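Here's the structure, in structure tokens; my notes come after.
The values are calculated or read from the model by the stated rules, or taken from the named source; none is laboratory data. These numbers were taken from a predicted model, which means no experiment stands behind them. Note: ideal-geometry Cβ built from the backbone for every residue, glycine included; neighbour counts use all protein chains shown. Ligands, DNA and RNA are excluded from the accessible area calculation, which covers all protein heavy atoms including side chains. Shrake-Rupley method; radii C 1.70, N 1.55, O 1.52, S 1.80 Å.
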Amino acid sequence: MKLASLPNGTRDGALVVVSKDLSICVSAQAIAPTLQAALDEWDNTAPRLRDLADRLSQGDAPGAQAFESGKALSPLPRAFQWADGSAYVNHVALVRQARGADMPASFWTDPLMYQGGSDGFLAPCAPIPLADPAWGCDFEAEIAVITGDVAQGCSLAEAEAAIRLVLLVNDVSLRNLIPGELGKGFGFFQSKPASAFSPVAVTPQELGLHWRDGKLHLPLRTSLNGTLYGRPEAGIDMTFSFPQLIAHAAKTRHLAAGSIIGSGTVSNRGADGGPGAPISESGVGYSCLAEQRVVETIRFGAPRTPFLQAGDRVRIEMLAPDGQSLFGAIDQVVAGPGDGSARA
């Protein structure tokens, strides 16, 4: 089952069921007006949504229309909670190296996680506002899950059972603001502006054998200005599974239905166990600019790849083995300080 939210003049959009090939959709308003409403009553709404999805696939869903992913909102245009982990410890090691921070051994056994802003997410094809290029704007291609209600102190099995939907993320980061903020000892805030999520959220069951062990086993593709930049395998080098991340988040608190838990930047080591190589050198590339800049610093003494500038275009997508887009694409252009959207 695949779900999306289309604009309807409200903050939370209108829930639709989308076909497997993302070509058509049908309104789910008779079942739940929004995705959050569906998640709040999942035991009741999920069977009805699955039935509607079956009827859509059989051509028996009155009111079906073309699905235009470029016009979709993030599936949850706002959420009660957005907590982003850092499950790919290779990425953590590289970015910490870039800012001269130590890498404690506990990072391999206890997940990192920060609580991001969730009062409003960018639409998957909306511009990335950048008021000041000196902030060092970067994309971060990630996987995320949306949960149902999760009890404090849940087991890993309970955490896995609470996963309702899977989606992609562009966790926008302002790299040059991060060291100063973390140096204050109180975490990210200004350096983590609004994120964007894929047009479609997908149930784990829909992903079949690609979803196993609480991980998504397919390459995550990122293109920069039309050129493939990264295609790391999301199921490889993921130190902490989604059930582990959820259980970590729920150690001291209950998680409400509609909580989004992110994987952190998808990152693979190189064949030699090192940091990995760019696509141009037969590697799998990277899911953010920061990793390539670290590798360049190691090799050349300084980074050569600039951060995002106005007009740069980032596309994040995951394809099935048959080439079909599973979630639709996050496809965003950076809006510079002269663009009104950069001040929104």
Item to complete: Return the loop-located GluC sites (Glu not before Pro) in segment 175-272 (DSSP other than H, G, I, E, B) with at most 15 other Cβ atoms within 10 Å of their own Cβ; answer none if there are none.
Response: none
Practice prompt. Measure nothing but the geometry: give the 0 to 90° angle between the long axis through the Cα atoms of 42-57 and the longest principal axis through the Cα atoms of the chain, rounded to 10°.
Written response: 80 degrees
Practice prompt. For segment 69-111 and segment 240-319, compute the distance between their C-alpha centroids and round to whole Å.
Written response: 8 Å
Worksheet item: Where does helix 289-300 land angle-wise versus the long Cα axis of the chain, in degrees 0 to 90, nearest 10?
Response: 20 degrees
Worksheet item: To the nearest 20 debye, what is the magnitude of the charge dipole of segment 1-113 about its Cα centre, counting +1 on the Cβ of each Lys and Arg and -1 on the Cβ of each Asp and Glu?
Response: 280 debye
Discussion item. Please report the carbon-and-sulfur percent of the accessible area for segment 48-175; probe 1.4 Å, protein heavy atoms only, DNA, RNA and ligands left out.
Written reply: 49 percent
Practice prompt. With a 1.4 Å probe and every protein chain left in place, work out the accessible area per residue of the chain in Å², rounded to a whole number.
Written response: 42 Å²
Worksheet item: What is the magnitude of the charge dipole of segment 161-282 about its Cα centre, with +1 placed on the Cβ of each Lys and Arg, -1 on the Cβ of each Asp and Glu, and no other charges, expressed in debye to the nearest 20?
Response: 360 debye
Fill in: Extension gain, Ala37 back to Lys20 (0.36 nm per residue minus Cα-Cα distance, nm)
3.9 nm
Worksheet entry | Highest to lowest packing among 322-328, 5-11, 121-127, scored as the average C-beta count within 10 Å | 121-127, 322-328, 5-11
Fill in: Net length gained if the chain between Arg313 and Glu68 were fully extended (0.36 nm per residue, minus Cα distance)
86.3 nm
Worksheet, complete the sentence: Here the relative contact order (percent) of segment 6-89, from C-alpha pairs under 8 Å and at least 6 apart, is 34 percent
Fill in: Gain upon complete extension [Ala105, Arg50; 0.36 nm per residue less C-alpha separation]
15.4 nm
Fill in: Lysine pairs with alpha-carbon atoms under 29 Å apart, the chain, spacing 8 or more or separate chains
13
Worksheet, complete the sentence: GNM on the chain, Cα springs under 10 Å; top mean-square fluctuation among Pro219, Pro104, Pro321 goes to Pro104
Worksheet item: Suppose every K and R has +1 on its Cβ and every D and E has -1 on its Cβ; what is the size of the dipole of the chain about the Cα centre, in Debye to the nearest 20?
Response: 460 debye
Worksheet item: Looking at segment 274-344, which trypsin sites (Lys or Arg not before Pro) are DSSP coil and have at most 13 other C-beta atoms within 10 Å of their C-beta?
Response: Arg304
Worksheet, complete the sentence: Rh (Kirkwood, all Cα-Cα pairs) for segment 223-344, Å, reads 17.0 Å
